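S.K.: Below: one structure in structure tokens.
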Amino acid sequence: MCMCTCTFKRIVSHEPVKKPKQTNFFDHILLEGCNSTMISNVGYIKSKNYPGEYEHNMNCFHDITVGEGLQIVLKVISMRIEGSGACPHDYLKFEYKKDGQYRHVTKLCGTGSRTTNYTLPSHEGRVVFHSDSSVAYAPGEYTVHIFSSDA
């Protein structure tokens, strides 16, 4: 069991992503903040400023690419974002890329975790976080586990 705080940096290459034979703790990439890119078959996304409140008028995206022939699977581990219902104010949105354009899968808000896995029908996807100018939760946060599955 690791009892340390570690920081990982990933060097992005232009070589195609290959399906790994196995993964371990050090293969998990952590994206934090805004406007980042992950090229890996497994990782996590955490919200900017946690445990503080998130900022007003944010539009953050995290682009995700897994190996060719795989699909992206997203699972919300935890979430505390203003809103309910159709999420008109602040939200976490999942999209997949097809024919060069991002297409909507789902939009989430509220608190707690989700028992559903969200499968994006592509090896390229995006997680978007949006906040408006009204309420900003403290602690405002989201953690999304990213993994891949066979298409």
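The values are calculated or read from the model by the stated rules, or taken from the named source; none is laboratory data. As the structure is a prediction and not an experimental result, all values here were calculated from the model. Note: ideal-geometry Cβ built from the backbone for every residue, glycine included; neighbour counts use all protein chains shown.
S.K.: Out of Gly33, Gly67, report the one residue that is at pLDDT 85 or above and among the small types (Gly, Ala, Ser).
M.R.: Values: Gly33 fails: at pLDDT 85 or above.
Criteria check complete, one pass: Gly67.
S.K.: Of all residues in the stretch 124-134, which are outside any loop (DSSP other than H, G, I, E, B) and of a type in the set (Asp, Glu)? Give the derivation first.
M.R.: Going residue by residue through the stretch 124-134, those that are outside any loop (DSSP other than H, G, I, E, B) are 124-130.
Within the stretch 124-134, just Glu124 meets the criteria.
This table checks each residue for (1) closer than 22 Å to Ser131 by Cβ; (2) modelled with pLDDT of 90 or more; (3) surrounded by fewer than 19 Cβ atoms within 10 Å (Cβ to Cβ).
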{"residue": "Phe25", "(1), (2), (3)": "no, no, yes"}
{"residue": "Lys46", "(1), (2), (3)": "yes, no, yes"}
{"residue": "Tyr54", "(1), (2), (3)": "yes, no, no"}
{"residue": "Phe94", "(1), (2), (3)": "yes, yes, no"}
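S.K.: With Tyr142, Tyr137 as the choices, which residue is in a strand (DSSP E or B), at pLDDT below 80 and touching a strand residue (DSSP E or B) at 6+ places or on another chain (Cβ under 9 Å)? Write out each step before concluding.
M.R.: Numbers: Tyr137 fails: in a strand (DSSP E or B).
Answer to the check: Tyr142.
S.K.: A further question on this structure: Just name the residue that is nearest to the chain's Cα centre (by Cα) out of those in the stretch 82-124 that are aliphatic (A, V, I, L, M) and within 25 Å of Ser40 (Cβ to Cβ).
M.R.: In the first step, residues of the stretch 82-124 are kept if they are aliphatic (A, V, I, L, M); the result is 86, 92, 105, 108, 120.
Pick out the ones that are also within 25 Å of Ser40 (Cβ to Cβ) and you get 92, 105, 108, 120.
Values: Leu92: 9, Val105: 13, Leu108: 12, Leu120: 12 Å.
The extreme case among them is Leu92.
S.K.: State yes or no: is Ser40 of a type outside the set (Val, Ile, Thr) and touching a helix residue (DSSP H, G or I) at 6+ places or on another chain (Cβ under 8 Å)? Can you show your working first?
M.R.: Numbers: of a type outside the set (Val, Ile, Thr): yes; touching a helix residue (DSSP H, G or I) at 6+ places or on another chain (Cβ under 8 Å): yes.
Taking the combined requirement at face value, the residue satisfies it.
S.K.: For the stretch 86-105, what are the residues that are over 15 Å from His62 (Cβ atoms) and either in contact with a Cys (Cβ under 6 Å, 6 or more places away or on another chain) or touching a residue at least 12 places away in the same chain (Cβ under 8 Å) (or both)?
M.R.: Here is the first cut: in the stretch 86-105, the residues over 15 Å from His62 (Cβ atoms) are 86-90, 98-101, 103-104.
Of everything in the stretch 86-105, those that are over 15 Å from His62 (Cβ atoms) and either in contact with a Cys (Cβ under 6 Å, 6 or more places away or on another chain) or touching a residue at least 12 places away in the same chain (Cβ under 8 Å) (or both) turn out to be Ala86, Cys87, His89, Asp90, Lys98.
S.K.: Residues that are charged (D, E, K, R): list the strands (runs of 3 or more DSSP E) wholly contained in the stretch 72-123 that include at least 3 such residues. Quick ask: steps written out before the conclusion?
M.R.: Numbers: elements: 91-98, 101-108, 117-120.
Qualifying strands (runs of 3 or more DSSP E): 91-98.
S.K.: In the stretch 34-64, how many are part of a loop (DSSP other than H, G, I, E, B) and over 11 Å from Tyr142 (Cα atoms)? Spell out how you get there, then give the answer.
M.R.: Our first condition is that a residue be part of a loop (DSSP other than H, G, I, E, B); within the stretch 34-64, this holds for 34-35, 40-41, 47-58.
Within this subset, residues satisfying the condition of being over 11 Å from Tyr142 (Cα atoms) are 34-35, 40-41, 52-53, 55-58.
So the answer is 10.
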